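Chemist: Can you read through this structure? Questions will come right after.
The values are calculated or read from the model by the stated rules, or taken from the named source; none is laboratory data. Bear in mind the structure is a predicted one, so any value in this text is a computation, not a measurement. Note: ideal-geometry Cβ built from the backbone for every residue, glycine included; neighbour counts use all protein chains shown. Calculation scope for accessible area: heavy atoms of the full protein, side chains included, ligands and nucleic acids excluded. Shrake-Rupley method; radii C 1.70, N 1.55, O 1.52, S 1.80 Å.
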Amino acid sequence: MDHNIYLIGLNHRTAGVDVRERFALTNVEDFEKGLLSTPGVREVMALSTCNRVEVLVVGEAGFESSRIYEYWSSKCCGNSSVLQENTFSYEGIDAVRHLFEVAASLDSMIVGEPQILGQLKDSYRNAVEEGAAKVIINRMLHKAFFVAKRVRSETAIASSAVSISYAAVELARKIFGELQGQQAMLIGAGEMAELAATHLLNCGVEKILIANRTFSRAQELAKSMGGEAVSFDDLYECLAQSDIIISSTGAPHAVIKAKEMKKVLRKRKYRPMFFIDIAVPRDIDPDVNGLDNVYLYDIDDLKDVVEENRAQRMDEAVKAKAIVESEAESFGLWLKSLELQPTIVDLFDRAEDVAQKELAKTLKRLGPVDQQTEEALETLALSIGKKMLHEPVAFLKRRTEEEGAAERFVDLARRMFNLDNETIPSDAHSNRKSRCPAKNKR
């Protein structure tokens, strides 16, 4: 091969937050442009998030990955050896496999989380706009997106909650079914309660009330979430209006008592209430759970759910990795096909296959013919196929000599003649809209 793929990166497993901050890419576009001008670099794409920075490079034969370290560290005013100590690196098909795992969220801090795919798509879009992503990275990223889609549709890797806040919302959905039209209440304004409220809003909760001992903080959070701040003194009155309650006050004693909740339930005519107590010490009197139509979960209950779900996700990750392996192998075959000779052989094989099929149809229509006529027809059909390919093959060879590589043209030829036998949608070539305006009828 006259090229190779390199992927170098650091993430939450290989480097502490101080190193990740030091080598983060604040201007990805500028980074890609500079690296693309480095001798031996053909294509570049960089991904920079709070938990990872990864640099994907397609280099010419003989290109050394040490140049990536040198350039990266110089852009961040850092030490190349420190960068190298805190990174991982892959080459060839191993780099492809890692990228597929990243897209499928198998390499994330929380396996199965969907954010990384969106971040990867944004990075790819930027690289395309800068002209840094070309034939190989284009194909690799489209394949990565396809792998991510397969993993999500063929496994249950993202179907169960693996964070305390999300687990709370999943439990609420089990109790109420759909959450559209339900009203929620935050007591306190801790980070986990805020995250849970965000999940509730995403699931369609109609309204969120926010009560906090510091009313200004309740107002601030209500403004950011489109909720309504309420006075802590009106706590029980507001509880009567709420179906889902998330409490996280940090108070040294329970703020919701079973005795008072009996009055609240009578006001509600005993409609179901769901309490999530994620405070330590607990905010809600455990006796509340004994009241009719009240469901109370504390942080230990949620941790059990999270651990069970995390184990389920790891089981699904095994299935996902099998998909990644299969698709990486498929991509490796495509990479090999970019070398000129295999494509020429495939072109002539395709031409011969078409010629033989058309010859069989013709002989069937003609009926019985002598051996000499059949051989003459076969020679004619094969000759036409070979002559039709003479100019395309000459073009591919010429481009290889002129540019030292013909990846773009080889890829185009393989797509044009469908040499990789890809499934083509039935409407792929249909005219959705006429390009010519209709003539006026007289």
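Chemist: Have a look at Arg13, Arg22 and point out the one that is open to solvent by 50 Å² or more (accessible area, probe 1.4 Å) and over 18 Å from Lys75 (Cα atoms).
Modeler: Result of the check over Arg13, Arg22: Arg13.
Chemist: Would you mention how many residues in the range 281-311 are outside any helix (DSSP H, G or I) and hydrophobic (A, V, I, L, M, F, W, C)?
Modeler: Number of matching residues: 4.
Chemist: Here's something else I'd like to know. Go through Glu422, Glu391, Glu402 for me and flag whichever is loosely packed, with under 11 Cβ neighbours inside 10 Å, assigned to a helix (DSSP H, G or I) and modelled with pLDDT under 90.
Modeler: Only one candidate passes the filter, namely Glu402.
Chemist: Search the range 64-81 for residues that are without any contact (Cβ under 8 Å) to a residue 24 or more places away in the chain and farther than 11 Å from Arg22 by Cα and pair each with any residue that is assigned to a helix (DSSP H, G or I) and not polar (S, T, N, Q) when their beta-carbon atoms are under 7 Å apart and the residues are at least 6 apart or on different chains.
Modeler: Listed by first residue and then by second, the contacts come to Ser80/Tyr69; Ser80/Glu70.
Chemist: Among the residues of the range 302-314, are any open to solvent by 60 Å² or more (accessible area, probe 1.4 Å), among the aliphatic types (A, V, I, L, M), out of contact with any Ser or Thr (no Cβ under 8 Å at 6 or more places or on another chain) and without any contact (Cβ under 8 Å) to a residue 12 or more places away in the chain?
Modeler: no
Chemist: Quick one: Thr249 ticks every box in (1) under 21 Å from Asp287 (Cα atoms); (2) open to solvent by 30 Å² or more (accessible area, probe 1.4 Å); (3) more than 42 Å from the chain's Cα centre (by Cα); (4) not small (Gly, Ala, Ser) bar one, so which box is it?
Modeler: (3)
Chemist: Next question, about the same structure. Given the criteria more than 26 Å from Gly188 (Cβ to Cβ), of a type outside the set (S, T, N, Q) and open to solvent by less than 70 Å² (accessible area, probe 1.4 Å), does Gly332 qualify?
Modeler: Against the criterion (more than 26 Å from Gly188 (Cβ to Cβ), of a type outside the set (S, T, N, Q) and open to solvent by less than 70 Å² (accessible area, probe 1.4 Å)), Gly332 qualifies.
Chemist: State whether the residues of the range 54-72 include one that is out of contact with any Lys or Arg (no Cβ under 7 Å at 6 or more places or on another chain), buried (at least 17 other Cβ atoms within 10 Å of the Cβ), of a type in the set (S, T, N, Q) and not in a strand (DSSP E or B).
Modeler: Yes, the conditions are met somewhere in the range 54-72.
Chemist: Listed residues Phe146, Phe176; which is among the aromatic types (Phe, Trp, Tyr), modelled with pLDDT of 80 or more and either in contact with a Ser or Thr (Cβ under 6 Å, 6 or more places away or on another chain) or open to solvent by 50 Å² or more (accessible area, probe 1.4 Å) (or both)?
Modeler: Phe146
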